Amino acid sequence: MILRSLSILNYKNLEEAQLQLSSGMNCFIGQNGMGKTNILDAIYFLSMCKSSNSSQDQMVIRHDADFMMVQGMYLKEDGTDEEISCGLKRGQKKSFRRSKKAYKRLAEHIGLIPIVLVSPADHMLVAGGSEERRRFMDMMISQCDLPYLDSLVRYNKALQQRNALLKMEEEPDPDLLSMWEEMMAKEGEFIYDKRRQYVEAFTPLFQEFHNQISLGREKVELRYASHCQRGPLLDVIQRDRHKDRAVGYSLHGIHKDDLEMTLGGFPLKREGSQGQNKTYLIALKLAQFDFLHRTGSHTAPILLLDDIFDKLDSSRVEQIVKLVSSGNFGQTFVTDTNRDHLDGILRSGGMDYKLFHVENGTISCKE
């Protein structure tokens with residue numbers, strides 16, 4: 001789907017904005033802290049029902065405001081319009097509507113408008129713990145596989161209930177403990193199989209993009225590590241129940257899975273320079289776009305590129321500009337403080353575009 005227009009009210013530092021957008025490239029120029037990233041985050045919110053960088057919904061409401069609203073008018077593949085809106089008042093739950101009809105479950109919305117965000121926060125995929133890399137897999141698979149998301153919800157519920165029993169002072173009911181363990185094992189093995197298939201299909205796409213950006217200078221690999229690889233998950237969970245009881249939480253399960261990232265056969269976290277790490281992450285996200293386009297709703301995802309050129313040498317910037325301006329990435333939103341990069345993209349692509357200037361939360365269209 002194509003985002004034709006965007007209305008924003010009281011979203012972070014954006015008091016009010018009405019934007020008519022290009023179906024090709026939308027460029028936002030401005031200094032740091034002016035609100036460029038918040039525009040992309042509002043678009044992300046409309047796709048994923050949450051902010052990409054705020055853990056609590058209430059944090060997206062502008063200071064001194066009582067509510068926020070974001071509304072997008074999308075053009076569907078069949079040529080008809082689709083309105084998606086979200087409203088949130090302080091102290092209340094958010095409300096999501098599709099064509100003015102409220103969703104009963106927000107999970108029903110995930111995947112309708114596939115989206116890929118490349119941002120400076122991606123460095124946590126390398127520097128952070130395994131939960132960051134699991135989240136990367138989960139966000140990807142959930143956008144093209146609703147049963148996966150439902151299974152993940154059930155697994156997390158079973159994990160939460162088991163952990164609550166493990167924390168009890170008195171000895172927990174063994175039958176109740178077994179019930180939650182069986183649910184963890186059933187849902188966990190389903191999730192493991194989906195993640196394994198995803199990594200197998202995704203890795204060649206990632207390697208292809210990385211090879212283009214780095215001009216073939218580096219060898220990269222992704223390896224999926226899971227407790228499911230040790231045998232039946234129920235056995236793995238139950239064999240160390242006494243250890244889990246001692247620490248008060250579950251030491252084994254797919255909530256401990258990891259996606260190992262290597263460069264030249266060694267862990268990226270240990271070997272990669274800033275430029276190599278950023279190249280790795282951009283290739284991951286561009287491959288994510290390609291994967292979703294092929295396997296999801298068969299509509300091109302929206303691509304959000306937030307300050308992607310920092311810490312990259314000129315040759316890598318040139319390759320990224322060629323990729324992004326090739327016309328293979330559908331509707332794209334890009335932010336930068338340096339207009340030279342954006343001018344390079346626009347000159348290379350010959351695509352339809354709009355240029356916006358952002359200053360202190362105010363957005364103006366530039367000719």
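Listed here are the residues, each with its yes/no results for (1) over 15 Å from HIS255 (Cβ atoms); (2) out of contact with any Asp or Glu (no Cβ under 9 Å at 6 or more places or on another chain); (3) at pLDDT 90 or above; (4) outside the structural domain of THR262 (by TED's automatic domain parsing).
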| site | (1), (2), (3), (4) |
| --- | --- |
| ARG105 | yes, yes, no, yes |
| ARG134 | no, no, yes, no |
| GLN143 | yes, yes, no, no |
| PRO147 | yes, yes, yes, no |
| SER151 | no, no, yes, no |
| ARG154 | no, no, yes, no |
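Conditions (1) assigned by TED's automatic domain parsing to the domain that holds GLU218; (2) buried (at least 21 other Cβ atoms within 10 Å of the Cβ); (3) over 30 Å from ASP235 (Cα atoms), marked per residue:
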{"position": "HIS255", "(1), (2), (3)": "yes, no, no"}
{"position": "GLU260", "(1), (2), (3)": "yes, no, no"}
{"position": "LEU263", "(1), (2), (3)": "yes, yes, yes"}
{"position": "PHE266", "(1), (2), (3)": "yes, no, yes"}
{"position": "ASN277", "(1), (2), (3)": "yes, yes, yes"}
{"position": "TYR280", "(1), (2), (3)": "yes, yes, yes"}
{"position": "ASP290", "(1), (2), (3)": "yes, no, yes"}
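Please verify whether MET124 is over 14 Å from ILE254 (Cβ atoms), in contact (Cβ under 8 Å) with a residue 40 or more places away in the chain and in a helix (DSSP H, G or I), treating the condition exactly as stated.
Answer is no for this residue.
Among (1) among the acidic types (Asp, Glu); (2) part of a loop (DSSP other than H, G, I, E, B); (3) modelled with pLDDT of 95 or more, where does GLU169 come up short?
Going through the list (1) among the acidic types (Asp, Glu); (2) part of a loop (DSSP other than H, G, I, E, B); (3) modelled with pLDDT of 95 or more, GLU169 breaks only (3).
Could you check CYS228 against (1) under 17 Å from MET137 (Cα atoms); (2) in contact with a strand residue (DSSP E or B) (Cβ under 9 Å, 6 or more places away or on another chain); (3) in a helix (DSSP H, G or I) and say which number it fails?
Only one criterion is unmet by CYS228, namely (2).
Tally the residues that are more than 30 Å from LYS186 (Cβ to Cβ), among the hydrophobic types (A, V, I, L, M, F, W, C) and within 21 Å of the chain's Cα centre (by Cα), restricting the search to region 240-283.
4
Would you confirm, using the coordinates I've provided, whether ILE308 is buried (at least 21 other Cβ atoms within 10 Å of the Cβ), touching a residue at least 24 places away in the same chain (Cβ under 8 Å) and in the same structural domain as LYS354 (by TED's automatic domain parsing)?
The answer is yes for ILE308.
The values are calculated or read from the model by the stated rules, or taken from the named source; none is laboratory data. What you see is a predicted model; the values in this text were computed from it and never measured. Cβ: placed from backbone, ideal geometry, glycine included. Neighbour counts: every protein chain shown.
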